[in-house]
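*Asks:* Next up is a structure, given as structure tokens.
The values are calculated or read from the model by the stated rules, or taken from the named source; none is laboratory data. What you are looking at is a predicted structure, and each value in this text was computed from that prediction instead of being measured. Virtual Cβ from ideal backbone geometry, glycine too; neighbours counted across all protein chains shown. The accessibility values were calculated without ligands, DNA or RNA, using every heavy atom of the protein model including side chains. Shrake-Rupley method; radii C 1.70, N 1.55, O 1.52, S 1.80 Å.
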Amino acid sequence: MNTKIHLSEVFGMGFWIDEDGTFMSCPAFEDGGFDVDNQVAVEDWEDPNAYSRYALNHLEVIKHGLNQLR
């Protein structure tokens, strides 16, 4: 994968926009790497309502920033 992944300390995850325009996520390792073998589209998260309003706002900021880089 040749995509720049944004690390979110809030989620402990990496985020990027894939080649199809899908907002993707994957777990981050403590050493700063990413577990891309366990990637999932954000839209497929099981329960986004489990996150605080702050976290969801943070997610929108990340998505907007990544879209600006495209």
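*Asks:* Could you list, in sequence order, the residues of the stretch 27-46 that are open to solvent by 80 Å² or more (accessible area, probe 1.4 Å) and not polar (S, T, N, Q)?
*Replies:* 29, 30, 31, 37, 43, 44, 46
*Asks:* Hey, another quick one. Filter the stretch 41-54 down to the residues that are over 14 Å from residue 20 (Cβ atoms) and not hydroxyl-bearing (Ser, Thr, Tyr) and list them by number.
*Replies:* 45, 46, 47, 48, 49, 50, 53
*Asks:* Next question. Against the condition touching a residue at least 12 places away in the same chain (Cβ under 8 Å) and exposed (fewer than 11 other Cβ atoms within 10 Å of the Cβ), how does residue 70 come out, does it pass?
*Replies:* Numbers: touching a residue at least 12 places away in the same chain (Cβ under 8 Å): yes; exposed (fewer than 11 other Cβ atoms within 10 Å of the Cβ): yes.
Spelling it out, residue 70 is indeed touching a residue at least 12 places away in the same chain (Cβ under 8 Å) and exposed (fewer than 11 other Cβ atoms within 10 Å of the Cβ).
*Asks:* Of all residues being in contact with a Cys (Cβ under 9 Å, 6 or more places away or on another chain) and assigned to a strand (DSSP E or B) in the stretch 1-51, which is nearest to residue 68 (Cα to Cα)? Just the residue, please.
*Replies:* My answer is 16.
*Asks:* Might you let me know whether the stretch 3-25 holds any residue that is surrounded by fewer than 12 Cβ atoms within 10 Å (Cβ to Cβ), modelled with pLDDT of 95 or more and among the polar types (S, T, N, Q)?
*Replies:* No, the conditions are met nowhere in the stretch 3-25.
*Asks:* Scan the stretch 47-67 for residues that are surrounded by 10 or more Cβ atoms within 10 Å (Cβ to Cβ) and of a type in the set (Lys, Arg) and jot them down.
*Replies:* Selection gives 63 alone.
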